[in-house]
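> So that we are looking at the same thing, I have put the structure below in structure tokens.
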Amino acid sequence: MNYCATHHETPATGRCLSCHKPFCEECCVATDGRSFCGSTCAARHRTFKENYSEIEIRRPFSSWLTGKIIGLGIVAAGASGAVHLAVRFGFDSLARFDWIGRLLK
């Protein structure tokens, strides 16, 4: 059985979300539906949550842009591979677009 980190004789009723120490009913500080071992950990979590929400606001555009760039790279590589294979199998009219063939020569 776990005991409270502050009151060593009292059985623990939970663990702090921030520092993971066990706490008893007397030590429990509930904030935003989450339990902490004290006001210090509750404040630390609140600060983290506020800073993280600011990062989340800026994050979607950069993620979207990165995804589009990677997606376009994959499409370009696939198209280049298809052109190269077409030229190798006799479609000589596409030879001017076959940069893979030019690299391999």
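Bear in mind these aren't lab numbers, they're just calculated from the coordinates by the rules spelled out. Bear in mind that the values here come from a model prediction, so they are computed numbers and not experimental data. Here the Cβ positions follow ideal geometry from the backbone for every residue, glycine too, while neighbour counts run over all protein chains shown.
> For Lys49, which aspartates and glutamates qualify as cross-link partners when the Cα separation must be under 18 Å and same-chain residues fewer than eight apart are set aside?
Asp32
> Could you calculate the contour length gain from Ala76 to Ser39, that is, 0.36 nm times the residue separation minus the distance between their Cα atoms, to one decimal place in nm?
In short, 7.9 nm is gained.
> Looking at Ala95, Phe36, Trp64, which one has the Cα that reaches farthest to the positive end of the dipole of the chain (charges on Cβ: Lys, Arg +1; Asp, Glu -1)?
Value: Ala95.
> Rounded to whole Å and ordered largest first, report the semi-axes of the equivalent ellipsoid of the stretch 14-104 derived from its Cα gyration tensor (root of 5λ).
Semi-axes, largest first: 60, 14, 8 Å.
> Once the other residues with Cβ under 14 Å from the Cβ of Ala12 are scored (Lys, Arg +1; Asp, Glu -1), what is the net sum?
Net charge around Ala12: -1.
> OK, next. Over the chain, what is the relative contact order in whole percent, taking alpha-carbon pairs under 8 Å and six or more residues apart?
Over the chain, the number comes to 13 percent.
> Among 20-26, 90-96, 3-9, how do they line up from the highest to the lowest mean number of other beta-carbon atoms within 10 Å?
Answer by packing, highest mean first, reads 20-26, 3-9, 90-96.
> The stretch 62-84 to the stretch 1-45: how many Å between their Cα centroids?
Measuring centre to centre over Cα atoms gives 49 Å.
> Just to confirm the number: angle between the C-alpha axis of helix 39-88 and the first principal axis of the chain, 0 to 90 degrees, nearest 10?
Relative to the chain, helix 39-88 is tipped by roughly 10 degrees.
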